[in-house]
Amino acid sequence: MVSILERIGSSLFQRPYLLLSLTSLFWAGNLVLGRFVAGHVPPVTLAFARWAGAFMLLIGFALPHLRRDWPAIRGNLGRLSLMALTGIGAYNTLSYWGLQSTEALNALLIQSTGPLLIGVWTALLFRDLMSRAQLLGVLASLAGVAVIVSRGDLAALARIHLNAGDVAILVAMVIYGLYSALLRLKPAMHWLSFLTATIGIGAVFLLPLLAVELASGRTPTLDATTAGAIAYVAIFPSTLAYLFFIRGVELIGANRAGPFFHLMPLFGAIMAIAFLGERPQPFHAVGFALILVGVAIAARGRAPAIAQQA
């Protein structure tokens, strides 16, 4: 099985734009699902189940690499723990908590701040400023997001009311922007070692919060909906999406990868049309076009040098 995975990865992992597009697709599904199961599965329980499930899926494939890379893991435990805390533990838990109360329109808009926040963090940490093409691409795709979520009525954006859930998701995006920038400092090790180690550490960080949530009486409903939700979040937005995102950032850099966040509302709208029976409207076409143009422009910008995989 490991050899099959390696052969698939050797081809797929050289295509950053496909990897980052699939990442946005899986994360869009996670956003829709997180809102769907709000009140059915408590947020920390869903976050812990997501990462514990992903860890169990990966450990069998990753074990040989973890053994080989153990000196690098032990020597970089602090750095890996920071990445696990930001990108695995805090970001995801805050997002699920926010989805308990926020509206879908608000969540899509806030998620779309990702590219700008990544640019801020890379500038602060590494003095790596966005190129003109990257900034133009971010603004163009952000305009496309605004068209879609406002359903063509940009005046509706001024009437959005922020609540505690919105603030939680915004804080989550600030944290994830930091994680994305920190990927430049990823220790030299196999991608399976890095992903499995950070997921495992992140799941451990969630244990105290999980204990508090369960002790407060907030327990999940044990049914097919819960099982299906946990299976999806463990496989697609966790194992596959994080793997694809890490590799995509490694190939083209965080600033060029950032605009792919704007594909999430595009995919979300497609899911609504395909699965919820919503009709496509002219504003969908305008928004999709702006998003794709913005991503294409930003992807042409330069990529900073980052640590290569072992």
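The values are calculated or read from the model by the stated rules, or taken from the named source; none is laboratory data. If you're wondering where the values come from, they're calculated on a predicted model, not measured in any experiment. FYI the Cβ positions are ideal-geometry reconstructions off the backbone, even for glycines, and counts take in every protein chain you see. With ligands, DNA and RNA removed, areas are computed over all heavy atoms of the protein, side chains included. Shrake-Rupley method; radii C 1.70, N 1.55, O 1.52, S 1.80 Å.
Some observations on this one:
- Failed item, numbered, when A155 is tested on (1) touching a helix residue (DSSP H, G or I) at 6+ places or on another chain (Cβ under 8 Å); (2) in a helix (DSSP H, G or I); (3) more than 20 Å from L85 (Cβ to Cβ): (1)
- Residue that is surrounded by the most Cβ atoms within 10 Å (Cβ to Cβ) [pool: residues in region 151-202 that are of a type in the set (K, R) and over 26 Å from V286 (Cβ atoms)]: K186
- Every residue from region 84-125 that is open to solvent by 40 Å² or more (accessible area, probe 1.4 Å), modelled with pLDDT of 75 or more and part of a helix (DSSP H, G or I): L85, L94, W97, L116, V120, W121, L124, L125
- Among the residues making up region 129-139, those that are open to solvent by 20 Å² or more (accessible area, probe 1.4 Å) and of a type in the set (G, A, S) are S131, A133.
- Criterion violated by Q308 - all others in (1) open to solvent by 30 Å² or more (accessible area, probe 1.4 Å); (2) at pLDDT below 85; (3) assigned to a helix (DSSP H, G or I) satisfied: (3)
So that you can scan it fast, the table gives a plain yes or no per residue for (1) among the polar types (S, T, N, Q); (2) touching a residue at least 24 places away in the same chain (Cβ under 8 Å); (3) within 19 Å of L46 (Cα to Cα):
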{"residue": "R159", "(1), (2), (3)": "no, no, no"}
{"residue": "N163", "(1), (2), (3)": "yes, yes, no"}
{"residue": "L183", "(1), (2), (3)": "no, yes, no"}
{"residue": "W191", "(1), (2), (3)": "no, yes, no"}
{"residue": "G200", "(1), (2), (3)": "no, yes, yes"}
{"residue": "L207", "(1), (2), (3)": "no, yes, yes"}
{"residue": "L214", "(1), (2), (3)": "no, yes, yes"}
{"residue": "P220", "(1), (2), (3)": "no, yes, yes"}
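Matching residues to (1) of a type in the set (G, A, S); (2) closer than 17 Å to T219 by Cα:
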{"site": "F13", "(1), (2)": "no, no"}
{"site": "L18", "(1), (2)": "no, no"}
{"site": "S24", "(1), (2)": "yes, no"}
{"site": "G29", "(1), (2)": "yes, no"}
{"site": "G34", "(1), (2)": "yes, yes"}
{"site": "R50", "(1), (2)": "no, yes"}
{"site": "F55", "(1), (2)": "no, no"}
{"site": "L58", "(1), (2)": "no, no"}
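- Single match in H65, H40 (criterion: at pLDDT 95 or above and either touching a Leu at 6+ places or on another chain (Cβ under 8 Å) or open to solvent by 20 Å² or more (accessible area, probe 1.4 Å) (or both)): H65
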